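The values are calculated or read from the model by the stated rules, or taken from the named source; none is laboratory data. Just so we're clear, the structure is a prediction, and the values are computed from it rather than from any experiment. Neighbour counts run over all protein chains shown; Cβ positions are idealised from the backbone, glycine included. We work out accessible area using only protein heavy atoms, side chains counted, and drop any ligands, DNA or RNA first. Shrake-Rupley method; radii C 1.70, N 1.55, O 1.52, S 1.80 Å.
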Amino acid sequence: MTKHVTSSEIRSSFSAAMSAMYRTEVPAYGTLMDLVARVNDEALSAEPELKTRLQATDNLERISEERHGAIRLGTAEELAMMRRVFAVMGMYPVGYYDLSTAGVPVHSTAFRPVGDAALKRNPFRVFTSLLRLDLIADAELREEAAKILATRRIFTDEAIELTKKAEENGGLTKDDADRFVAAVLETFRWHDKAIVDVAMYHRLHDAHRLIADVVSFKGPHINHLTPRTLDIDKVQSLMPDYGIAPKAVVEGPPTRRCAILLRQTSFKALEEAVAFSDGKGGWQTGSHTARFGEIEQRGIALTPKGRGLYDQLLEQSRKVVRPAADGSNADAYEAALAATFEAFPDDWATIRTEGLGYFSYSLTEKGMKASTDAADIETLVSDGLVQFDPIVYEDFLPVSAAGIFQSNLGDGAQQEFVASPNQQRFETDLGAKVLNEFDHYAGIEQASIDECLSRLSRRPAAQ
């Protein structure tokens, strides 16, 4: 019988290969990794209880290798094939994100592992956006962009062949998996020669910088690779010491004792040399700005009630002060955000009892020695038999994603589009439904409750 490697092993190999490639292409990423490693070590040393809980929930080892990447695709065909490629790695589309509301002409999903065991093995995620050509106002440019995108092939023949082989055989052997990782990596590699001439590049660029980034190149180069930190405020403050200029505002919720959802920051996108066709068989040198470094800090996944409160408070804070792309009102915005979010409870017990977040339940030392037929989780918690830990938010925030995009598109690049979410169209292009993140977290929480009840009811009472 042919022995296949697991999808998690392929995902881990691909994540490591991507990180090595990006470190070579963008040296500042390596510097960022060194900074994050330092801050995480200091955070764990300063908070032994945090380290203990991360170890107890099997979340400590994953943090150092945790990454999320981001790519931007141009066509439905590219998106559908990317879905198949990621499925070989055990990564599936979770959530639908409409970024047109924030002036970015894309809609997106996040490909990631979905099972608790797979997430703990390697939680690699790729935020994947599809260009909305329908949002380009210039009909002639829209048509020309579509023709350019129709000519490119972003996957190698070997990547397509091995994806089909994995689908037909239910997996890949070790040798085939190694070939698959190497072949798929080519899709994400940087290409310093554009597939358009400089005049077309500028037309696309004037419509929106992100449109130029998608349409002008041979493939969807990875535009950032993001490590996870345990203290994003410290990383933000130390970045200048490492020769990195951070964006002015950390996106997402304010600094809190009990972290919620996702906080992100980045350094400014790099201006990179690019060769453009001169239309005469030669090349002329220009530049393109797209790739940047990003860092994230993840908190608890919120329930629909908690997410509703978060969205309401974020909207309120932005009515007081809307963050400027150039960071000129950063202090005022952060003050408004902190003041507004005082309405969101900042202790785990209240977040849990008010039904604002998802938690994973496990037996305490007392619970491990006990036996009971009680089926009420609240009673078990109050009796000290069961404890709870926050479930990590594995997904993204559209306003934060757009804020990161905008801050790296240039201070004058803010643009407006008519809000036009179209999840049905996105799923048609994808060739599948996206998973609902709330259902996913609720399932993990319920499974942990069921496990506690099962273990307590089948254990003989202590003598």
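At-a-glance table
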{"quantity": "Scope segment 1-28; condition touching a Ser or Thr at 6+ places or on another chain (Cβ under 8 Å) and of a type in the set (Ser, Thr, Tyr); matching residues", "calculated": "Thr2"}
{"quantity": "Scope segment 146-187; condition over 20 Å from Met18 (Cα atoms) and aliphatic (A, V, I, L, M); matching residues", "calculated": "Ala146, Ile148, Leu149, Ala150, Ala166"}
{"quantity": "Count - residues of segment 170-213 that are hydroxyl-bearing (Ser, Thr, Tyr) and buried (at least 17 other Cβ atoms within 10 Å of the Cβ)", "calculated": "2"}
{"quantity": "Members of segment 97-109 that are closer than 16 Å to Leu135 by Cβ and either touching a strand residue (DSSP E or B) at 6+ places or on another chain (Cβ under 9 Å) or buried (at least 24 other Cβ atoms within 10 Å of the Cβ) (or both)", "calculated": "Tyr97, Asp98, Leu99, Ser100, Val104, Pro105, Val106, His107, Ser108"}
{"quantity": "Looking only at segment 242-293, and only at residues there that are acidic (Asp, Glu) and in contact with a Lys or Arg (Cβ under 8 Å, 6 or more places away or on another chain), the one that is modelled with the lowest pLDDT", "calculated": "Glu272"}
{"quantity": "Hey, Asp411 at pLDDT 90 or above and among the acidic types (Asp, Glu) or not", "calculated": "no"}
{"quantity": "Where Ala245 falls short, out of the listed (1) open to solvent by 10 Å² or more (accessible area, probe 1.4 Å); (2) in contact (Cβ under 8 Å) with a residue 60 or more places away in the chain; (3) under 22 Å from the mean Cα position of the chain (by Cα)", "calculated": "(2)"}
{"quantity": "Tally, over segment 378-400, of residues that are under 17 Å from Pro304 (Cβ atoms) and assigned to a strand (DSSP E or B)", "calculated": "1"}
{"quantity": "Options Asp311, Asp326, Asp278; residue that is among the acidic types (Asp, Glu) and touching an Asp or Glu at 6+ places or on another chain (Cβ under 6 Å)", "calculated": "Asp326"}
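One line per residue, one yes/no per condition, for (1) within 18 Å of Thr265 (Cβ to Cβ); (2) part of a helix (DSSP H, G or I); (3) open to solvent by 40 Å² or more (accessible area, probe 1.4 Å); (4) in contact with a Cys (Cβ under 9 Å, 6 or more places away or on another chain):
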| residue | (1), (2), (3), (4) |
| --- | --- |
| Ile295 | yes, no, no, no |
| Leu309 | no, yes, no, no |
| Glu315 | no, yes, yes, no |
| Glu334 | yes, yes, yes, no |
